[in-house]
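Since the structure comes first, as structure tokens, the remarks are kept for the end.
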Amino acid sequence: MSNIVQLSEAASLGIHAMVIIARNDRITNANEIAEMTGASRNHLAKVMLTLSKMGLVNSLRGPSGGFVLARKPEDITLLEVYEAIEGKIVIHECPGNKLICPFSKCILNNIMHKVTHELKNYFNNQSLKDYL
């Protein structure tokens, strides 16, 4: 079975990890996040490295190290987290990204454009603060 609209494991993990970090008033370590999300520690490490490079979290080394938000929860949207992992959401007029359509009316009635636009707006209007 195919999923037309899909959230990658990495993007889902990134969003969940950011909410977990935002909920803690202390440094949150990778083991804790991996345990809460059921993710492999290696996959989580890759996602957290990306979030750190994108300036969404600060990474603290050492035995008592972990992660803290780089900004206030209300200043970080789910869209920022998603796009840090997956890249910018680009809305194409044609779901096949074709310049020429052989039909006078889109068979899909531009539904992919609408769904992508809705998802982007939803992510943009949700901040980490909304999940505290």
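Of the conditions (1) within 17 Å of the chain's Cα centre (by Cα); (2) at pLDDT below 95, N31 fails just one. Which one is it?
Evaluating N31 over (1) within 17 Å of the chain's Cα centre (by Cα); (2) at pLDDT below 95 leaves (1) as the failure.
Is it fair to say V47 is assigned to a strand (DSSP E or B) and within 29 Å of D25 (Cα to Cα)? Reasoning before the result, please.
Values: assigned to a strand (DSSP E or B): no; within 29 Å of D25 (Cα to Cα): yes.
When the stated conditions are applied, V47 does not pass them.
One line per residue, one yes/no per condition, for (1) of a type in the set (D, E); (2) within 26 Å of E74 (Cβ to Cβ):
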site	(1), (2)
N24	no, yes
A30	no, yes
E35	yes, no
G38	no, no
N42	no, no
V47	no, yes
S52	no, yes
G55	no, yes
S59	no, yes
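What are the residues in region 18-72 that are of a type in the set (A, V, I, L, M) and over 20 Å from A84 (Cα atoms), if any?
Restricting attention to region 18-72, the residues satisfying the condition of being of a type in the set (A, V, I, L, M) are 18-22, 27, 30, 33-34, 36, 39, 44-45, 47-49, 51, 54, 56-57, 60, 68-70.
Within region 18-72, I27, M36 qualify.
What are the residues in region 1-28 that are at pLDDT 95 or above, of a type in the set (A, V, I, L, M) and within 15 Å of the chain's Cα centre (by Cα), if any?
Those that are at pLDDT 95 or above, of a type in the set (A, V, I, L, M) and within 15 Å of the chain's Cα centre (by Cα): A10, A11, L13, I15, A17, M18, V19, I20, I21, A22.
If you go through region 48-59 one residue at a time, do you hit one that is under 24 Å from Y122 (Cα atoms) and either touching a residue at least 60 places away in the same chain (Cβ under 8 Å) or surrounded by fewer than 14 Cβ atoms within 10 Å (Cβ to Cβ) (or both)? If you could, list the steps in order and put the result at the bottom.
First, pick out the residues of region 48-59 that are under 24 Å from Y122 (Cα atoms): 48, 50-52, 54-57.
Now drop any that are not either touching a residue at least 60 places away in the same chain (Cβ under 8 Å) or surrounded by fewer than 14 Cβ atoms within 10 Å (Cβ to Cβ) (or both), which leaves 55.
The answer is yes, given that some residue of region 48-59 is under 24 Å from Y122 (Cα atoms) and either touching a residue at least 60 places away in the same chain (Cβ under 8 Å) or surrounded by fewer than 14 Cβ atoms within 10 Å (Cβ to Cβ) (or both).
Does S64 count as over 21 Å from L7 (Cβ atoms), among the hydroxyl-bearing types (S, T, Y) and touching a residue at least 24 places away in the same chain (Cβ under 8 Å)?
Spelling it out, S64 is indeed over 21 Å from L7 (Cβ atoms), among the hydroxyl-bearing types (S, T, Y) and touching a residue at least 24 places away in the same chain (Cβ under 8 Å).
Would it be correct to say that R71 is free of Cβ contacts under 8 Å to residues at least 40 places away in the same chain and closer than 13 Å to A17 by Cα? Walk me through how you get there before you give the answer.
Details: free of Cβ contacts under 8 Å to residues at least 40 places away in the same chain: yes; closer than 13 Å to A17 by Cα: no.
So R71 fails the test.
Within region 87-107, take every residue that is surrounded by 14 or more Cβ atoms within 10 Å (Cβ to Cβ) and out of contact with any Cys (no Cβ under 7 Å at 6 or more places or on another chain) and give me the one that is modelled with the highest pLDDT.
First pass over region 87-107, keeping only residues surrounded by 14 or more Cβ atoms within 10 Å (Cβ to Cβ): 89, 94-95, 106.
The next check asks that each one be out of contact with any Cys (no Cβ under 7 Å at 6 or more places or on another chain); those that pass are 89, 95, 106.
Working: I89: 86, P95: 62, C106: 74.
This residue is I89.
Given the residues G55, G66, which is the only one that is touching an Asp or Glu at 6+ places or on another chain (Cβ under 8 Å) and not aliphatic (A, V, I, L, M)?
Details: G55 fails: touching an Asp or Glu at 6+ places or on another chain (Cβ under 8 Å).
Going through G55, G66 in turn, just one is touching an Asp or Glu at 6+ places or on another chain (Cβ under 8 Å) and not aliphatic (A, V, I, L, M): G66.
Read through the list (1) surrounded by fewer than 15 Cβ atoms within 10 Å (Cβ to Cβ); (2) closer than 21 Å to V19 by Cα; (3) without any contact (Cβ under 8 Å) to a residue 24 or more places away in the chain; (4) of a type in the set (A, V, I, L, M), then give the number of the only condition that L132 fails.
(3)
The values are calculated or read from the model by the stated rules, or taken from the named source; none is laboratory data. Given the structure is predicted, the values throughout are model-derived calculations rather than measurements. Note that each Cβ is placed from the backbone with ideal geometry, even for glycine, and that neighbours are counted across all protein chains shown.
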